[in-house]
Amino acid sequence: MPDFLLEIGTEEIPARMIDSARDELTRRVGDLLQRERLADNPTLQTYSTPRRLAVLASAVSSAQPDITEQVTGPSLKVAYKDGAPTPAAAAFARKLNVPVNSLEKITTPKGEYLGATVKKKGRPAAEILAESLPKEIAGIYWAKSMYWRGKSAERFVRPVRWLVSLLDGEVVPLEFAGIRAGQASEGHRILSPGSLPIGRPSDYSSALAKASVVASAAERQQRIRKALDAATRTIPGARWREDKSLLDTVVNLTEFPSVVLGSFDPEFLALADEVLVTVMRDHQKYFALEDASGKLLPHFLAVLNTDGDPDGLIRHGNERVLRARFNDARFFWETDQKIPLRQRVDMLRAVTFQKDLGSYFDKTMRVQKLGSLISEALRSAGSSVRSGVVHKAALLAKTDLTTELVKEFTELQGIVGGLYAKAQQLDPILPAATAEAIGDAIYDQYKPESMDDSVPRSVEGAVLAIADKADSIAGMFALGLQPTGSKDPFALRRAANGIVKIIAEHKLPLPIAKLFSDARAEYAGSEAEKRFVKDFSFDQAVASFMRERLEFYLRDVRGFAYDVVNAVLAADSDDVVDAIARAEAVREVRGSEDFASISTAFKRIKNILRQARETKKSIAEHLDSDALTEDAEKRLATAIEIASAVRALREEKNYSAALAHISRLRQPVDAFFDKVMVMVDDETVRANRLALLQTLLNEFSTIADFSEIVTEGK
Amino acid sequence: MNYRVKGPEECRSGLSPAYQENHLSSSQNPLTFQQLVLRLQNFWADHGCVLQQPYDVEVGAGTMAPETFLRVLGPKPYRVGYVQPSRRPADGRYGENPNRLFKHLQFQVILKPPPVNVQELYLESLSALGIDLRKHDIKFEEDNWESPTLGAWGIGWQVMLDGLEITQFTYFQQCGGIDLDPISAELTYGLERITAFLQDVDSIYDITWVVSPDGRPVKYGEIRLQDELQFSVYNFERADVEKAWKHLGLYEAECQALLDEYAAVKLQSPVDSGEKRKAKSEEPAHDSGEEQMAKSERPTAIRRFPVLAAFDLCLKCSHLFNILDARGAISVTERVGVIARIRALAVGVAKAYVDQQKAEENSAPTEEKGSAKAEQLSAAGL
């Protein structure tokens, strides 16, 4: 069976988009082959470089298999009259291009019909591929695409320059972007310019290898790792700093990678590590070298898209660029010290936070107040927070936005502020430890940047980070700019996830609703408030947004089953730490028989109560124990008396003990449903029984709504 | 200022012997700054570009010169190359920073539409500068360009040569808020950076601009340092904020007035489309003599309309905005608003320009038939 190769040759695709596009193309080709019955479970090999995406499918059929199909025609009654075929039968036969006498009788549950068995010839693979692949290529998702042949032509990530499409030795004549597929690929731009014929699909990667292109991304990664190791070995005791995302980037910036070791003047090591690494990694895409203790060494590794640097020219060039960058950084650092952070607060008036929410000066004032409120709340709940540290850190937190260093290296915002705060004597009266704590809080204010990132180290840093994020979320929501669907231009979900993670990991007694009503209140009377959306239920919108984020955190970060999360959050979603404790307790009992049974019973109770309300049956306001008649209901009423104990245990947050109590409800509840009919005709009895169930539900749903628990096999 | 002129030996003293042998000996003398410009001009002239001269109104980038901003609009193919001094007042460093300039020089190439081998052509242009690509590391890294002030954006790369960004390569998608068709490729070479790289100097001011007849290298600093220092002083310290606002307002008002006037002229002269012509010819009786005369004058009124002057006024606004920004005179609330105002002008000019081009095209055949007036105009160099 033949192999099939598709290669899309392009101008350089952005590194960040290559992997997913390659995977999507592979999936599309695989699905197409299966859908069109050209292969079952095709073996797909995938290739990608900055200039190409390719898929090699092995053992593809050269044509679809022929199929025999039974076609149903008119009913027999219509098809034959007096034993002779009617025009209807003749028309059916003509349509299928078979003689009338070859038609057969088909019996279906609906009656007898005229039918025919027809053989459908499978279409050649080349024809189907040529027809369908252009649509698949055009369908690839790109975060950003472009026109190059004018507005009436196609869009793609970058201009497509060649296409190779081969079924064994034959060209599959497809066309995309005005380019007809052929056998000609291209090798490395510089090392092997010109057209590169591909004989057969299976020759693909070896042909490219000869033209200085390592087509497999995985192989390039291996090569780069080896080359990084080899270059590092020339420096005794050194190792290169592992950096997964940088490695992915350079894999996707090269077709034929090699590595060069460069050095810089050790005197630059006086600059902060963060600055050095940012310049090397983010701006130059270099790997940093460190010694066994993790201290930076005055060397770097650059990954090249060529076969080496025998003359040292490339190393020399890269060293020159890095020197200029480091010189710039040092120049900026020194310039910045001329105006200390505390003198920069006022300069924030000229830095926009958001066009309707005012300047960073305004934000600073709000965050400072909000930070104080949070500190107070935490202190009154028994946490120890140095409010003074929060206050001062909040005041200076955004001042680094006015520094040259942050203007140049924006990704260092916060970090630069923290470093400067420590480097500058903020206030001679402050004890050194306090100054250090202020610096750390400023340094950590944007943490966590993702769910994998750590939270601020200190509780003061945590408070500052929460206040900053809550202020942004509150302002944006009030402006009606909440995230919708996949659109979240202000990264509010990330901010909210960060708040949840910080509260959870620092175990802060900080209710969400209060946090956001306080954050919203800081905008009161501001210019920004005039632009807020009218008639908008802010509290509700924020609560449901934050509940979603908490759900995400519990499920995806903490690994709780979704039904446990739903059950726990249905009871309460305002207190993050408490929700986690309850989720842990519920997770413990979730599999037990008692709780499976209780869960089923609670679902039933909810249904009964719902139906009762829907059919306007009255539910007694209070349970009247004397009006209970049956034994089973009396026993259930007695069992419910453990409610006060459960309440006490809940207060103590002793959830396992509380749940152990609740598990004892199983027997009386089950017995109740076995023996007692709730919806009886006697209105008083019925109302009282409904009240019994309502009480049960109310009393025992404060830890979790057990009806949300999914029971096995039901 | 500690600036001093170094001798040619001193320039190269930091180089490893291997570097000197392999790099410098291969191209005996690296190109001087002006040789570099000449090579680029020759290269692109050979590839069908009109060689333009720098635009003589302050711009922040070669893109803002009309040879790019306006020429990329509309359907007419065009190829042009030119040096453009680009002024960015806030980037000034009083000549103290070896890598930053208030005014740097770009070589700008527009290829409309881009040929299929546009990347190869670009790489050839590097070879023309004496860069042996086989000995260097070249990468095209994603870098998309956007100018909110111009309502313009494009998709492309920064071209990296041994870790140094030497060119911005952009496929323009929109300009002045108008979707482009055809697309133009824009190549922006950073001339100082490339020369500093070729000459292996760490400071822009040490670039050899030209070697004088007596063999003495004339350095970039000799020619430009004073400029950098004095304009930094002006832009950061001396520019009169109040007057600059006033100037901005005046230029804006004049630009806007022109745009409004164009719209009015336009209204009086409906597009000379076939449909309209037909509609009119059906009712010849209603055409008074006066109206007929006006009709024949209308295309001329449109053609003569100074849309290009309106663009210059818009550029003036942009430059004044940059000066005010460098002076720290633009508050948060003002900033967004002023950018929007200038953008509105740029978008207005772009629209008028496209419209004018269209009108010109539609009326071209009749004009050619022998309008004495048109001939007179062209004879006068207008």
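All of the numbers you see were taken from the coordinates with simple rules; none came from a lab. Everything quoted here is computed from the prediction, not taken from an experiment. Quick reminder, even Gly has a Cβ in these numbers, built from the backbone with ideal geometry, and neighbours come from all protein chains shown.
In segment A:7-53, what count of residues is obtained for those that are part of a loop (DSSP other than H, G, I, E, B) and of a type in the set (Gly, Ala, Ser)?
1
Need the failing condition index for A:Ser372 against (1) crowded, with 20+ Cβ neighbours inside 10 Å; (2) more than 14 Å from every other protein chain (Cβ to nearest Cβ); (3) not hydrophobic (A, V, I, L, M, F, W, C), just the number.
Here A:Ser372 clears every test but (1).
Only residues that are facing chain B (nearest Cβ under 10 Å), over 30 Å from A:Pro124 (Cα atoms) and in a loop (DSSP other than H, G, I, E, B): list them for segment A:143-158, please.
If the condition is that a residue be facing chain B (nearest Cβ under 10 Å), over 30 Å from A:Pro124 (Cα atoms) and in a loop (DSSP other than H, G, I, E, B), then A:Lys144, A:Ser145, A:Tyr147, A:Trp148, A:Arg149, A:Gly150, A:Lys151, A:Ser152, A:Val157, A:Arg158 are the ones that fit.
Tell me which of these B:His104 doesn't satisfy, since it passes every other one: (1) outside any helix (DSSP H, G or I); (2) touching a Phe, Trp or Tyr at 6+ places or on another chain (Cβ under 8 Å); (3) not basic (Lys, Arg).
(2)
Listed residues A:Leu133, A:Leu129, A:Leu163, A:Leu114; which is surrounded by 20 or more Cβ atoms within 10 Å (Cβ to Cβ), touching a strand residue (DSSP E or B) at 6+ places or on another chain (Cβ under 9 Å) and within 14 Å of chain B (Cβ to nearest Cβ)?
Working: A:Leu133 fails: within 14 Å of chain B (Cβ to nearest Cβ); A:Leu129 fails: within 14 Å of chain B (Cβ to nearest Cβ); A:Leu114 fails: within 14 Å of chain B (Cβ to nearest Cβ).
None of the others qualify; the one that does is A:Leu163.
Only one of A:Glu24, A:Glu7 is more than 14 Å from chain B (Cβ to nearest Cβ), in contact (Cβ under 8 Å) with a residue 60 or more places away in the chain, closer than 24 Å to A:Pro159 by Cβ and surrounded by 20 or more Cβ atoms within 10 Å (Cβ to Cβ). Can you tell me which?
Details: A:Glu24 fails: surrounded by 20 or more Cβ atoms within 10 Å (Cβ to Cβ).
Every option except A:Glu7 fails the conditions.
For segment A:173-219: of the residues being among the charged types (D, E, K, R) and within 14 Å of another protein chain (Cβ to nearest Cβ), which is surrounded by the fewest Cβ atoms within 10 Å (Cβ to Cβ)? Explain how you work it out, then say what you get.
Step one: of segment A:173-219, the residues among the charged types (D, E, K, R) are A:175, A:180, A:186, A:189, A:200, A:203, A:210, A:219.
In the following step, the residues that additionally are within 14 Å of another protein chain (Cβ to nearest Cβ) were identified as A:180, A:186, A:189.
Numbers: A:Arg180: 12, A:Glu186: 21, A:Arg189: 23.
Here the residue is A:Arg180.
For residues that are of a type in the set (Lys, Arg) and under 31 Å from the mean Cα position of the chain (by Cα), scanning just segment A:378-414, find the one that is surrounded by the fewest Cβ atoms within 10 Å (Cβ to Cβ).
If we take residues in segment A:378-414 being of a type in the set (Lys, Arg) and under 31 Å from the mean Cα position of the chain (by Cα), then A:Lys407 is surrounded by the fewest Cβ atoms within 10 Å (Cβ to Cβ).
Can you tell me which residues in segment A:296-349 are among the small types (Gly, Ala, Ser), free of Cβ contacts under 8 Å to residues at least 40 places away in the same chain and touching a Gly at 6+ places or on another chain (Cβ under 7 Å)? Give the steps one after another, and end with the answer.
Just the residues of segment A:296-349 that are among the small types (Gly, Ala, Ser), to begin with: A:302, A:308, A:312, A:317, A:324, A:329.
Now restrict to residues that are free of Cβ contacts under 8 Å to residues at least 40 places away in the same chain: A:312, A:317, A:324.
Scanning segment A:296-349 gives a single hit, A:Gly317.
If I ask for residues that are among the polar types (S, T, N, Q), closer than 24 Å to A:Pro509 by Cα and in a loop (DSSP other than H, G, I, E, B), which ones from segment A:546-602 would you list? If you could, list the steps in order and put the result at the bottom.
Here is the first cut: in segment A:546-602, the residues among the polar types (S, T, N, Q) are A:566, A:573, A:592, A:597, A:599-600.
From the residues that got through so far, the ones that are closer than 24 Å to A:Pro509 by Cα too are A:566, A:573.
Passing the criteria: only A:Ser573.
What is the one condition in (1) in contact with a Gly (Cβ under 7 Å, 6 or more places away or on another chain); (2) within 14 Å of chain B (Cβ to nearest Cβ); (3) among the aliphatic types (A, V, I, L, M) that A:Ile106 does not satisfy?
(2)
Kindly check whether there is at least one residue in segment B:56-70 that is within 13 Å of another protein chain (Cβ to nearest Cβ) and either under 11 Å from the mean Cα position of the chain (by Cα) or closer than 17 Å to B:Ile183 by Cα (or both).
no
Which of the numbered conditions does A:Leu166 fail, given that it passes all the others? Conditions: (1) assigned to a strand (DSSP E or B); (2) within 22 Å of A:Asp19 (Cβ to Cβ).
(2)
Looking at this structure, is A:Leu56 part of a strand (DSSP E or B) and without any contact (Cβ under 8 Å) to a residue 24 or more places away in the chain?
Judged against the criteria, A:Leu56 is not a match.
Tally time: how many residues in segment A:411-427 are under 13 Å from A:Glu449 (Cα atoms) and not in a helix (DSSP H, G or I)?
Kept after step one, since they are under 13 Å from A:Glu449 (Cα atoms), are these residues of segment A:411-427: A:411-415.
Adding the requirement that they be not in a helix (DSSP H, G or I) leaves A:413-414.
Here the count works out to 2.
What number of residues within segment A:304-331 are more than 9 Å from chain B (Cβ to nearest Cβ) and crowded, with 20+ Cβ neighbours inside 10 Å?
Quick first cut of segment A:304-331, residues more than 9 Å from chain B (Cβ to nearest Cβ) only: A:307-308, A:326, A:329-330.
Next cut, crowded, with 20+ Cβ neighbours inside 10 Å only: A:326, A:329.
Summing the residues that are more than 9 Å from chain B (Cβ to nearest Cβ) and crowded, with 20+ Cβ neighbours inside 10 Å in segment A:304-331 gives 2.
Of everything in segment A:290-303, what is in contact with a Phe, Trp or Tyr (Cβ under 7 Å, 6 or more places away or on another chain), surrounded by fewer than 18 Cβ atoms within 10 Å (Cβ to Cβ) and among the hydrophobic types (A, V, I, L, M, F, W, C)? Give them in sequence order.
If the condition is that a residue be in contact with a Phe, Trp or Tyr (Cβ under 7 Å, 6 or more places away or on another chain), surrounded by fewer than 18 Cβ atoms within 10 Å (Cβ to Cβ) and among the hydrophobic types (A, V, I, L, M, F, W, C), then no residue fits.
Starting from residues that are within 16 Å of B:Glu165 (Cα to Cα) and part of a loop (DSSP other than H, G, I, E, B), keep the ones in segment A:280-303 and report whichever is farthest from the other protein chains (Cβ to nearest Cβ).
Checked segment A:280-303; the qualifying residue farthest from the other protein chains (Cβ to nearest Cβ) is A:Lys285.
Looking only at segment B:126-143, count every residue that is assigned to a loop (DSSP other than H, G, I, E, B) and more than 7 Å from chain A (Cβ to nearest Cβ) and tell me the total.
The number of residues fulfilling the criteria is 5.
Quick grid of which residues meet (1) in contact with an Asp or Glu (Cβ under 9 Å, 6 or more places away or on another chain); (2) touching a residue at least 12 places away in the same chain (Cβ under 8 Å); (3) crowded, with 21+ Cβ neighbours inside 10 Å; (4) not hydroxyl-bearing (Ser, Thr, Tyr):
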{"site": "B:Phe172", "(1), (2), (3), (4)": "yes, yes, yes, yes"}
{"site": "B:Leu180", "(1), (2), (3), (4)": "no, yes, yes, yes"}
{"site": "B:Leu187", "(1), (2), (3), (4)": "no, yes, yes, yes"}
{"site": "B:Asp202", "(1), (2), (3), (4)": "no, yes, no, yes"}
{"site": "B:Asp214", "(1), (2), (3), (4)": "no, no, no, yes"}
{"site": "B:Ala239", "(1), (2), (3), (4)": "no, yes, no, yes"}
{"site": "B:Cys255", "(1), (2), (3), (4)": "yes, yes, yes, yes"}
{"site": "B:Ala264", "(1), (2), (3), (4)": "no, no, no, yes"}
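Going residue by residue through segment B:101-123, is there one that turns out to be among the hydroxyl-bearing types (Ser, Thr, Tyr), touching a strand residue (DSSP E or B) at 6+ places or on another chain (Cβ under 8 Å) and more than 29 Å from A:His316 (Cα to Cα)? Before the answer, list the steps.
Narrowing segment B:101-123 to residues among the hydroxyl-bearing types (Ser, Thr, Tyr): B:122.
Checking the rest, the ones that are also touching a strand residue (DSSP E or B) at 6+ places or on another chain (Cβ under 8 Å) come to B:122.
From what is left, the residues that are more than 29 Å from A:His316 (Cα to Cα) are none.
No, segment B:101-123 contains no residue that is among the hydroxyl-bearing types (Ser, Thr, Tyr), touching a strand residue (DSSP E or B) at 6+ places or on another chain (Cβ under 8 Å) and more than 29 Å from A:His316 (Cα to Cα).
Look at segment B:127-158 and say how many of its residues are of a type outside the set (Phe, Trp, Tyr), without any contact (Cβ under 8 Å) to a residue 40 or more places away in the chain, over 29 Å from B:Ala350 (Cα atoms) and out of contact with any Gly (no Cβ under 8 Å at 6 or more places or on another chain).
Final tally of qualifying residues: 6.
Restricting the search to segment A:434-462, which residues are assigned to a helix (DSSP H, G or I) and either within 25 Å of the chain's Cα centre (by Cα) or on the phi > 0 side of the Ramachandran plot (or both)? Working first, answer last.
At the first step, the residues of segment A:434-462 found to be assigned to a helix (DSSP H, G or I) are A:434-443, A:459-462.
Within segment A:434-462, just A:Ala462 meets the criteria.
From (1) surrounded by fewer than 20 Cβ atoms within 10 Å (Cβ to Cβ); (2) within 10 Å of chain A (Cβ to nearest Cβ); (3) not charged (D, E, K, R), pick out the condition that doesn't hold for B:Gln119.
Every condition holds for B:Gln119 apart from (1).
Give the number of residues within segment A:332-360 that are at the interface with chain B (Cβ under 10 Å from one of its Cβ atoms) and of a type in the set (Asp, Glu).
Total satisfying the criteria: 1.
Restricting to segment A:12-21, what's the tally of residues that are crowded, with 20+ Cβ neighbours inside 10 Å and more than 14 Å from chain B (Cβ to nearest Cβ)?
Matching residues across segment A:12-21 total 0.
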